[in-house]
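Here's the structure we're looking at; comments come further down.
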Protein chains: 2
Amino acid sequence: MTPAPNASPDLPAVPDEELLRLDHQVCFSLHAASRAFGGFYRQALKDLGLTYPQYLVMLVLWEEGPRPVKAIGERLRLDSGTLSPLLKRLEAAGLVRRERSREDERSVVIELTGEGARLRESALSVPRGVLAATGLSVEEVLGLQEVLGRLTAALTEAADAR
Amino acid sequence: MTPAPNASPDLPAVPDEELLRLDHQVCFSLHAASRAFGGFYRQALKDLGLTYPQYLVMLVLWEEGPRPVKAIGERLRLDSGTLSPLLKRLEAAGLVRRERSREDERSVVIELTGEGARLRESALSVPRGVLAATGLSVEEVLGLQEVLGRLTAALTEAADAR
DNA sequence: CGCTATTGAGTTGTGCACAACTTAATGATG
DNA sequence: CATCATTAAGTTGTGCACAACTCAATAGCG
């Protein structure tokens with residue numbers, strides 16, 4: 001699978017020197033954007049008492065209902081090393097319950113508490129503020145999302161193929 | 001400054017429910033892309049013995065020469081809480097020197113060692129591999145960079161205006 | 001000049017990301 | 001069915017991000 005036939009299909013006579021400079025820019029842009037996003041959410045979510053990754057987990061649970069840790073990890077591409085302590089903190093905050101599955105005792109199912117479910121109402125107002133703060137149009141957001149999706153898929157595939 | 005005149009200029013009758021779902025997608029896309037990028041670089045940089053943030057710092061030093069911690073932080077939007085330990089690790093690895101400035105003894109100037117400067121040669125081959133792995137054209141990369149730049153600027157401005 | 005505010009770097013504490021590992025349960029195979 | 005491989009979750013250790021803080025040096029002002 002993945003023949004990876006190309007050495008550099010559309011990179012003509014760009015010297016390494018210049019690529020290093022461009023790399024600087026792209027790395028930096030993505031890194032900075034991700035952190036700016038996180039920083040803005042940090043403020044927006046402070047009232048809810050959630051961090052940004054905790055918010056992502058709650059979004060999954062609000063949308064999809066009770067899920068084993070494994071499924072949440074696949075959805076967010078996070079492993080148990082990240083999720084286990086995060087979920088324990090959500091449990092300590094009274095937002096979720098963790099229960100071993102009876103069918104498969106290896107699996108731990110995460111489900112919302114009443115408080116966790118109610119928190120969704122407060123969260124409904126968050127995205128509009130964020131979207132407004134981005135200064136992007138809805139079309140640009142959708143376009144950005146599409147490019148980022150392809151980027152992630154290509155990078156993880158390339159990383160796995162090693 | 002920053003009149004921020006608009007409540008929601010181009011968000012018509014989209015209900016909160018749907019925005020929350022869209023938010024899920026966008027947050028996730030950016031978060032996942034950033035981590036996929038970092039993951040790919042982690043492998044590419046393993047030979048150089050650098051982490052991704054360390055690579056970003058080295059890029060600044062390779063491009064701009066000796067710089068105080070403050071200047072590096074402004075370039076990468078990182079504060080001393082992140083940079084101080086990172087720079088100590090680069091120093092321990094023999095790649096940089098940290099010297100108090102004589103003109104202003106509050107300032108610590110970071111400069112490359114011979115080994116740090118030589119590492120640039122090995123790093124020259126990295127960006128081409130990464131660019132190929134993204135599966136994006138050069139035009140798409142430039143477009144992505146432009147959107148991300150505006151996104152970061154808008155978000156940090158909105159965050160500061162609180 | 002002397003005092004106060006500001007600035008640059010560093011430290012501490014919390015949380016996330018991830019690699020490497022452990023443990024327990026399940027599945028597969030001879 | 002007994003053994004071995006696989007799987008899910010958790011643990012440990014390292015490094016980054018960031019808030020809140022300390023400390024020393026400098027700048028500004030009366």
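Just so you know, all these numbers are worked out from the coordinates, no wet-lab data involved. Note that this is a predicted model, so its numbers are computed, not measured. Reconstructed Cβ throughout: ideal geometry from the backbone, glycine too, with neighbour counts over all protein chains shown.
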Tell me, how many Å apart are the Cα centres for the range A:104-123 and for the range B:70-139? 42 Å
Just check chain B against the gyration tensor rule for me: Cα atoms, a ≥ b ≥ c as the square roots of the eigenvalues, rounded for a/c under 1.5, and otherwise prolate or oblate depending on whether a/b exceeds b/c. oblate
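Give me A:PHE37, B:PHE28 ranked fewest to most by other Cβ atoms within 10 Å of their Cβ, as a rough exposure proxy. It would help to have the intermediate numbers written out before the result.
Values: A:PHE37 23, B:PHE28 20.
With the sparsest Cβ surroundings first, the list reads B:PHE28, A:PHE37.
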Viscosity 1.567 mPa s, temperature 4 °C: what is the translational diffusion coefficient of the protein assembly as shown from Stokes-Einstein with a Kirkwood Rh over Cα pairs, rounded to a whole number of µm²/s? 59 µm²/s
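Taking other Cβ within 10 Å of each residue's Cβ, how do B:HIS24, B:HIS31 sort, fewest first?
B:HIS24, B:HIS31
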Sequence of B:TYR41, B:TYR55 once ranked by neighbouring C-beta atoms within 10 Å, starting from the fewest: B:TYR55, B:TYR41
Between copies, how close do the A:GLU157 label points come, placed 7 Å along Cα→Cβ, listed in nm from shortest? 3.7
Run the Debye formula on the Cα coordinates of the range A:25-119, all scatterers equal and no solvent, and tell me log10 I(q)/I(0) at q = 0.12, 0.18 1/Å. -0.42, -0.84
Can you count the Lys pairs in the protein assembly as shown whose Cα atoms are under 27 Å apart, with each pair 8 or more apart or on different chains? 4
For the rotation bringing B onto A, which B residue has its Cβ nearest the axis, and at how many Å? B:SER34, 2
Can you compute the charge dipole magnitude of chain B about its Cα centre, using +1 on each Lys and Arg Cβ and -1 on each Asp and Glu Cβ, nothing else charged? Give it in debye, rounded to the nearest 20. 800 debye
Taking the Cα-to-Cβ direction at B:ASP104 and at B:ALA153 and moving 7 Å from each Cα, how far apart do the two end points lie in nm? 2.6 nm
Identify the trypsin sites (Lys or Arg not before Pro) of the range A:28-128 meeting these criteria: DSSP loop state and at most 14 other C-beta atoms within 10 Å of the C-beta. A:ARG102, A:ARG106
What does the copy distance list look like for A:GLN25, label position 7 Å along Cα→Cβ, in nm and ordered from shortest? 2.9
Taking a crude spin-label model, label points 7 Å out from Cα along the C-beta direction, the B:GLU63 to A:ARG97 distance in nm is 5.3 nm
